[in-house]
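The values are calculated or read from the model by the stated rules, or taken from the named source; none is laboratory data. Predicted, not measured: the structure shown is a model, and the values here were computed from it. Glycine gets a Cβ as well: all are built from the backbone with ideal geometry, and neighbour counts include every protein chain shown.
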Amino acid sequence: MVGSLKPYLFWLHLHPHWAAFAAGLIAFAESLAVVGLLIPGTVVMTAIGVLIGSSVLPFLSITLWAIVGAIAGDVVSYWIGYRYHEQIHQMWPFKRYPHLLDKGERFFNEHGGKGIFIGRFIGPMRPVLPLIAGMMSMRPLRFILVDTLSGILWAPAYLLPGILVGAASQELAPEATTRLLMLLVIALFLFWGVSWLLKRIYHLFESSIQHMVANVWTWVRCHPRLNRIDVFLRDPRRPENHGQFGLVLLFVLVVSCFLILMCSVARHGVLTDWNVPVNYFMRTLRTTSLDQIMVLITFLAEAPVAMAMWLGVLVWLLLKRNWWAAFHWGVLGGAVLTSTNVIKKLVHYPRPTGLYAVPSDYSFPSGHSTFATAFFGFLAVLLSYNRARVWQMLAAIISGLFIVAVLFSRLYLCVHWLTDVIGGFLLGSSWVCLLTISYRRRVSNPLAPIGILLVAIISLFIGWSGYFQGHYIKALNNYTPYWPRYTINAKLWWDQAAQQIPRYRTSRFGEPLQVINVQWTGTLDQIEQVLTKQGWHKQQRRTLVVFLSGLLSKDTSKQMPILSQLYEDRRPVLVMTKIADDSKTVVVLRLWDAHFKTDTGLSLWLGTVGFHKAWHNMLIPNAKDETEEAYLATPATQLLAKDLQGFDWKQIHYVQIPMGIQQTEINWDGYVLFIRPLKKAH
């Protein structure tokens, strides 16, 4: 498959002008009215960028042709709209799908000429806006000037991600680069297909739900007794809109979900089953640099920091005499703080353990998650209410990013369970829904979004920086995972009497996964030196480049997984491989720090020794080889035992091992290899 791609890449090297013409044609079609809606232009341009970055295609000619093609497509679309004007509405596909033009017309009316520039970088708008500009009789010279500027910026911007990926691929061997390019192109088209499908499903359900809510709202308004609900909920700015009723339904749904979750947590019910697996998984993601970032993020929703932002915004609203907004913002702070503390004491759910210092209060719901959802969520409501839809979306996206970041930080730092974070999000969302419903019932003085945003940012920064100065180092230490260390008697260990030593390692979700078939005392330097003399090789630290080099290499010994196998959330301290005598089988030894030391001062390393099979051999099995099968039928511990020069070793039979854990990779025969340095002769 890879070999069949070589002739085409070689041909592109020899005929770059045809590739440039093809890039221009793709950009032209992607910008053309109607046609551009059917072409995954972003995916194709990224794929072309990958070829540019990998030196298969020239940058300058490709970029120039892409710019020319994009501008030409827009000009043709503009001319069609200018020539046929209102007749466009009666043409396919706009006659059948009028919303394609409706959204574009609203966008153009709202943003005018600059909408042509902005729309160039918005996928669904790109092939429609030039058509609408022509229909709206936008001056040709003005259109061409704005469109040319956007086209000049658009082509390099859409090629840049692919160029960076292609340039990074030059770190790999030529054969690996070819495979990588092929895999990236396939992945891009798969991503585009899945995204398109998910978008279609979302729009289908969104329109159905909106239609249903509108019908129910109409029925409520016309009902002789229920029409009082309309009077109570009505938004005076949009009395015919069913948005208030939709918020009520959303509020009921969110509160119901929260109550169900709270009852399940209080009873340790089925909804808590994922708490431990997710906590285990998050511990496996921990790194020192990421810890530092997550602590900074989680500080955004610390109670003193969040309340500093709340107080700053409240004072600003009062100074501006916006009493209605100030009332709701003030109620929000008190309601969130009170409800969180009361529910924590009612449910009294314990926090996760395994950190140097576990917070003393109860776990459910997460106060940080509640504060972040409530304050950032309602702040977005204040900033975007009665504003253009684009500003509403922008406020929702920015506040959503802050909320998601804080929620993830609580899970990552392992100070809350999954149910705590979900519960905090639901509790905060319920307060946002309720206060938004109330806030929209009355017309208040218009808010200056820039002013309230600046006040929120400044007060948040003041609270965050002050808290950072006094608590960052302490929090970083307290959130560090903790593994206790033990001392065992060397003789008891050798006689297999130390029962506290684990016999298997767990998966990233805490489930028993694989037998530990090696227990080794000594120094890592000594172990590495002895095995190196016997033909073993130490593996490099796993990075993305190393992983891709191995993944796309024919050398089986280099095709190690990028995700390290873990023991107690820690990566191996030593990984060594050896090519067996059949030249096809790779024997892999992994050793982890067991947090045990013998009374003689030697560290105990727990590990696994097993076989590794290349990914392409698993996808495309080779013909059976009797020599290879013979090696795979031999327990891996026996192959390791042959190379233990300078060490004393023995095998001990284990019988009580959990069912269902992996044994095929190590071809386990029920024996564990115990290894220790040879005693010096006196």
TODO: Check R410 against each of (1) out of contact with any His (no Cβ under 7 Å at 6 or more places or on another chain); (2) in a helix (DSSP H, G or I) and name the one condition it does not meet.
DONE: (1)
- [ ] Would you confirm whether any residue within the range 316-333 is under 21 Å from N478 (Cβ atoms) and either modelled with pLDDT of 85 or more or out of contact with any His (no Cβ under 9 Å at 6 or more places or on another chain) (or both)?
- [x] no
Open item on the list: Name the residue that is farthest from L476 (Cα to Cα), counting only residues in the range 334-353 that are surrounded by 15 or more Cβ atoms within 10 Å (Cβ to Cβ) and among the small types (G, A, S).
Closed with: A335
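Restricting attention to the range 494-510, and to residues there that are among the charged types (D, E, K, R) and either buried (at least 18 other Cβ atoms within 10 Å of the Cβ) or modelled with pLDDT under 75 (or both), which single residue is farthest from L602 (Cα to Cα)?
Filtering first and then ranking leaves R508.
Please work out if M618 is in contact with a strand residue (DSSP E or B) (Cβ under 8 Å, 6 or more places away or on another chain) and either farther than 16 Å from Q514 by Cβ or at pLDDT below 75 (or both).
Numbers: in contact with a strand residue (DSSP E or B) (Cβ under 8 Å, 6 or more places away or on another chain): no; either farther than 16 Å from Q514 by Cβ or at pLDDT below 75 (or both): yes.
Criteria not met by M618.
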Open item on the list: Given the criteria at pLDDT 70 or above and in a helix (DSSP H, G or I), does L101 qualify?
Closed with: no
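Yes/no matrix, rows are residues, columns are (1) farther than 24 Å from V415 by Cβ; (2) in contact with a Leu (Cβ under 8 Å, 6 or more places away or on another chain):
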{"residue": "C263", "(1), (2)": "no, no"}
{"residue": "L271", "(1), (2)": "no, yes"}
{"residue": "L314", "(1), (2)": "yes, no"}
{"residue": "L337", "(1), (2)": "no, no"}
{"residue": "N341", "(1), (2)": "no, no"}
Open item on the list: Taking the conditions exactly as written (under 19 Å from L383 (Cα atoms) and free of Cβ contacts under 8 Å to residues at least 60 places away in the same chain), does G330 satisfy them or not?
Closed with: yes
Open item on the list: Y479 - would you say it is over 17 Å from Y671 (Cα atoms) and in contact with a Phe, Trp or Tyr (Cβ under 6 Å, 6 or more places away or on another chain)?
Closed with: no
Task: Selection within the range 340-372 - small (G, A, S), over 19 Å from I403 (Cβ atoms) and touching a residue at least 60 places away in the same chain (Cβ under 8 Å) - done: G354, A357
Open item on the list: Considering only residues that are in a helix (DSSP H, G or I) and within 16 Å of V358 (Cβ to Cβ), which ones fall in the range 413-430?
Closed with: D420
- [ ] Specify which of the listed residues (I462, I422, I452, I437) is touching a residue at least 40 places away in the same chain (Cβ under 8 Å), within 16 Å of F371 (Cβ to Cβ) and of a type in the set (V, I, T).
- [x] I422
Task: Sole residue being closer than 14 Å to D643 by Cβ and either at pLDDT 60 or above or assigned by TED's automatic domain parsing to the domain that holds T272 (or both), chosen from V530, V515 - done: V530
Open item on the list: Go through (1) more than 23 Å from the chain's Cα centre (by Cα); (2) modelled with pLDDT of 85 or more; (3) surrounded by fewer than 17 Cβ atoms within 10 Å (Cβ to Cβ); (4) of a type in the set (S, T, N, Q) for S363 and report which single condition fails.
Closed with: (3)
Open item on the list: Going through L337, L355 one at a time, which residue ends up being assigned by TED's automatic domain parsing to the domain that holds N275, hydrophobic (A, V, I, L, M, F, W, C) and closer than 30 Å to I457 by Cβ?
Closed with: L337
Task: Selection from the range 456-479 of residues that are crowded, with 16+ Cβ neighbours inside 10 Å and of a type in the set (S, T, N, Q) - done: S459, N478
Task: Hits in the range 266-296 - residues which are among the β-branched types (V, I, T) and more than 22 Å from I403 (Cβ to Cβ) - done: V270, T272, V276, T284, T287, T288
Open item on the list: Can you find a residue that is under 19 Å from L250 (Cα atoms) and out of contact with any Phe, Trp or Tyr (no Cβ under 9 Å at 6 or more places or on another chain) anywhere in the range 352-375?
Closed with: no
